[in-house]
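Input: a single structure, listed below in structure tokens.
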Amino acid sequence: MDRSTAPTLLATFALAACNSSGDYFSVANANDDVGSAEVHICDKVVKLPKRAERFSEHIDVDCEGSGKLKVLMEDGNEVTCIIGYVTPGASQHWGYEIKEGVCQSDGIAI
């Protein structure tokens, strides 16, 4: 390997490590009233960690079908968001926000 190949390979590996795979699930928390959120899909439950004004995570989807996102509000109310059809390898974005106790798509594409 010559000297010019090594930096190119390192940059390629670094970019690949930063690029998360799987579907991206998120719930906006702009009003700071979301207490927690979890994805129920493929017979598993994944709690979404809080990241700034969002609860979000990339999740590898290994099934075909639909699911739900359960959001627990700070006031104790629970809101359910429907996750449409998922399929392995699709790398879809499922973004939601809660407005007046109702789950809505947030329209943010990543």
What distance in nm separates the two pseudo spin-label positions at residue 102 and residue 51, each 7 Å out from Cα along the beta-carbon direction? 2.9 nm
Using per-residue counts of other Cβ atoms within 10 Å, averaged over each peptide, order 66-77, 27-38 from highest down. 27-38, 66-77
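Using 0.36 nm times the number of residues separating residue 60 and residue 82, minus their current alpha carbon distance, what extension gain do you get?
On the way: separation 22, 0.36 × 22 = 7.92 nm, distance 1.79 nm.
Length gained between residue 60 and residue 82: 6.1 nm.
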Amide H within-cut-off set for residue 83, under 5 Å, with H built and near neighbours excluded: 67, 68, 69
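Here, each number is a calculation from the coordinates, and none is a lab measurement. Quick caveat, the model's predicted, so the values are computed rather than measured. No Cβ is skipped: glycine too gets one built from the backbone with ideal geometry, and neighbour counts run over all protein chains shown.
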